[in-house]
Amino acid sequence: MAHAVKELFPAVKLAIGPATKEGFYYDFDMDRPFMPEDLGLIENKMKEIIKKNSPFVRKTLPRKDAIELFKKMGEDYKVKILSGIADDEVSVYEEGGFVDLCRGPHIPASGFIKAFKLLSIAGAYWRGNEKNKMLQRIYGTAFDNEKNLKDYLVFLEEVKKRDHRKLGKELDLFSISEEIGPGLILWHPNGAIIRKTIEDFWRDEHYKADYKILYSPHIAKLNLWKRSGHLDFYKENMYSPMEIDGIEYELKPMNCPFHINIYKSSLRSYRELPVRYAELGTVYRYERSGVLHGLLRVRGFTQDDAHIFCREDQIESEILSILDFTLFILKTFGFDAYDIYLSTMPEKYVGTLENWERSTNALKHALEEKGLSYQIDPGEGVFYGPKIDIKIKDSLNRSWQCSTIQVDFNNPERFDVTYRGSDGKEHRAIMIHRALMGSLERFFGILIEHYSGAFPLWLAPVQIEILTIAERHSAYALKIADALKINGIRIETNLENEKIGHKIREATIRKVPYLVIIGDKELDENKLTVRKRSGENMGSFTTDKLIQMIKTEIESKH
């Protein structure tokens, strides 16, 4: 692709062009913006290059010679890349007279490429830093045959239809305002009622599981984050401190230190443990503007956070119960498929190797006792401890990181978290961090795309819409509406003087699960005609029978 772009637009400068899980992209610096019609020109030029079947030839050069080569070619970005490489030798590849900097390896020749498609154009800052120049990024994908390419393009169309940003606007769920700021979510009434439903379910299940619900402030003194280690290991994701009464405060990026302080507010006995605290705590993290993405990557979000304080001999049993709890919650929301990863010690860490080994083994044994298959994710633990990550798979078989379980020996040391043992002495408590859904914003975005906006009945913002055929049916419709509301069913009425077909279409577009239609027949028989959003006509119901059916489905959460 870079070869084709260079032939068509000789003045373009080449930046970075890696392969990705989904295909590939290349960043270009060009005076004018690429237009959608340019993609067709580039594809045609690529086909010419493929047809020539030019071999990819690897050459190794001393780094200083490579710098001179790309200087002569006027490729400033390649020179910058090479200037940041410590290796004495680097590799370049030549194909049909085109030379590029690359580690490789490559296919033997361009003719091996069987099926490809350029997909889109986007802006991208050089090195991902908004202080640098904005470049133009062309995305593409490639497959070993046309069928697989076509299947993937169909998949992309389905992804586009399910885009939570598009559905969020169409279903009036949420918005993001430039006036308020990027990455900050405004929950509209429809989205807010779904969030409330999720939160109510979350709280009810946590009370059943013997968790205590907490609330904590949005800011704290900067020294708190120094003590926790976040300022040393997480500073690039934190906002600048603010000064209050001559003391520096910081927006919270995490809830952990607050829960520790609540635990430490009184003396604890070994008999009390484990102590389980949970909070839907809103946190703030600095994300670069280039990576913000609807609900999936934001700057302010609410974590379904929990911290468990326990004895060392309780670690494994607590992890086992957390695994059960996590899988129950995910299944309730419709996620039955997932991949599990055990993330081990990163390059930068705190604590002793002995503690890291003990906590890693506890996580491993719990997974094995549950018979859950998992993969090791080397070096991907957090700075204070190893973790289990659960990546759910949605209805399109895409993976999403949501649930995490982390063992922490570090914060109990830093904050001197203890309990009094049966021997009357103080002992160090162990801390387990745990999130089931991750962030509510991100989880909601995933739910929108998983269900394509057609939420199951228990989550749907409007569960039933009552539609009248004529004005004379309005009084009966309002009577039915009152009966449904009294039973906790979320309803709307459409009494407008419009054709019933139009009303049905409108409600179906808004993905309302059930439509109740009222006309002369329903009025005469004191019944209701019920229709699903799929178009299935369910026939006549009495009000009581409808209420019973709806409440049973809501309670089943299917």
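Numerical summary
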item	result
Filter result (in contact with an Asp or Glu (Cβ under 8 Å, 6 or more places away or on another chain) and part of a helix (DSSP H, G or I)) within segment 473-507	His473, Tyr476, Lys503, Ala507
Some residue of segment 25-38 being farther than 30 Å from Val159 by Cβ and either assigned by TED's automatic domain parsing to the domain that holds Phe155 or free of Cβ contacts under 8 Å to residues at least 40 places away in the same chain (or both)	yes
Any hit, segment 220-227, residues being within 24 Å of Arg420 (Cβ to Cβ) and surrounded by 13 or more Cβ atoms within 10 Å (Cβ to Cβ)	yes
Odd one out for Glu178 among (1) under 30 Å from Ala454 (Cα atoms); (2) modelled with pLDDT of 95 or more	(2)
Pairs with Cβ under 8 Å, 6+ apart, first in segment 322-338 and in the same structural domain as Ser403 (by TED's automatic domain parsing) and polar (S, T, N, Q), second surrounded by 12 or more Cβ atoms within 10 Å (Cβ to Cβ) and part of a helix (DSSP H, G or I)	Thr332/Phe201
Test: residue in segment 241-256 that is of a type in the set (Gly, Ala, Ser) and buried (at least 20 other Cβ atoms within 10 Å of the Cβ)	no
Subset of segment 320-341 (residues that are surrounded by 19 or more Cβ atoms within 10 Å (Cβ to Cβ) and over 19 Å from the mean Cα position of the chain (by Cα))	Ile322, Leu323, Phe325
Any pair with Cβ under 8 angstrom, 6 or more apart, that starts in segment 118-141 at a residue that is closer than 21 Å to Glu287 by Cα and ends at one that is of a type in the set (Lys, Arg) and at pLDDT 90 or above	Ala122/Arg137; Gly123/Arg137; Ala124/Arg137; Tyr125/Lys133; Trp126/Lys133
Segment 332-359 - residue that is part of a helix (DSSP H, G or I) and touching a helix residue (DSSP H, G or I) at 6+ places or on another chain (Cβ under 9 Å) and, of those, farthest from Pro456 (Cα to Cα)	Asn355
Segment 121-172, residues that are among the basic types (Lys, Arg) and within 28 Å of Ile107 (Cα to Cα)	Arg127, Arg137, Lys147, Lys150
One residue from Pro241, Pro253 being farther than 28 Å from Arg203 by Cα and at pLDDT below 95	Pro241
Residues satisfying the stated conditions in segment 360-388, i.e. buried (at least 20 other Cβ atoms within 10 Å of the Cβ), part of a strand (DSSP E or B) and not hydrophobic (A, V, I, L, M, F, W, C)	Gly385, Lys387
Condition met for Ile405 (in contact (Cβ under 8 Å) with a residue 40 or more places away in the chain and in a helix (DSSP H, G or I))	no
Members of segment 268-317 that are in a loop (DSSP other than H, G, I, E, B) and more than 30 Å from Tyr419 (Cα to Cα)	Arg285, Tyr286, Glu287, Arg288, Leu292, Gly294, Leu295, Leu296, Val298, Arg299
Residue in segment 228-236 that is out of contact with any Ser or Thr (no Cβ under 6 Å at 6 or more places or on another chain), of a type in the set (Ser, Thr, Tyr) and at pLDDT 95 or above present	no
Close pairs (8 angstrom Cβ cut-off, 6 or more residues apart or separate chains): free of Cβ contacts under 8 Å to residues at least 24 places away in the same chain in segment 77-102, in a strand (DSSP E or B) and surrounded by 14 or more Cβ atoms within 10 Å (Cβ to Cβ) anywhere	Leu82/Val90; Leu82/Leu101; Cys102/Ser91; Cys102/Val92; Cys102/Tyr93
Residues of segment 8-22 classified as at pLDDT below 95, more than 20 Å from Lys71 (Cβ to Cβ) and not in a strand (DSSP E or B), total	4
Extreme residue, farthest from Ile213 (Cα to Cα), among residues of segment 423-476 that are in contact with a Leu (Cβ under 6 Å, 6 or more places away or on another chain) and among the small types (Gly, Ala, Ser)	Ser474
Residue satisfying condition, being touching a residue at least 24 places away in the same chain (Cβ under 8 Å), surrounded by 19 or more Cβ atoms within 10 Å (Cβ to Cβ) and of a type in the set (A, V, I, L, M), within set Leu495, Leu528, Leu523	Leu528
Candidate set from segment 421-466 (those that are of a type in the set (Gly, Ala, Ser) and assigned to a strand (DSSP E or B)); member that is surrounded by the fewest Cβ atoms within 10 Å (Cβ to Cβ)	Ala435
Tally, over segment 178-197, of residues that are out of contact with any strand residue (DSSP E or B) (no Cβ under 8 Å at 6 or more places or on another chain), under 24 Å from Ala507 (Cα atoms) and either touching a residue at least 40 places away in the same chain (Cβ under 8 Å) or among the acidic types (Asp, Glu) (or both)	5
Complete set of residues in segment 156-174 that are more than 17 Å from the chain's Cα centre (by Cα) and surrounded by fewer than 17 Cβ atoms within 10 Å (Cβ to Cβ)	Leu156, Glu157, Glu158, Lys161, Lys169, Glu170, Asp172
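This table checks each residue for (1) of a type in the set (D, E, K, R); (2) under 30 Å from Leu296 (Cβ atoms); (3) in contact (Cβ under 8 Å) with a residue 12 or more places away in the chain.
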site	(1), (2), (3)
Ala429	no, no, yes
Phe444	no, yes, yes
His450	no, yes, yes
Pro456	no, yes, yes
Ile466	no, no, yes
Lys479	yes, no, no
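Yes/no per residue for (1) under 36 Å from the mean Cα position of the chain (by Cα); (2) farther than 18 Å from Gly501 by Cβ; (3) in a strand (DSSP E or B):
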| residue | (1), (2), (3) |
| --- | --- |
| Val512 | yes, no, no |
| Ile517 | no, no, yes |
| Asp524 | no, yes, no |
| Gly535 | yes, no, no |
| Lys545 | no, yes, no |
| Met549 | yes, yes, no |
| Thr552 | yes, yes, no |
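The values are calculated or read from the model by the stated rules, or taken from the named source; none is laboratory data. This one's a predicted model, so the numbers in the text were calculated from it and none came from an experiment. Neighbour counts are summed over all protein chains in view; Cβ atoms, including those assigned to glycine, are modelled from backbone coordinates with ideal geometry.
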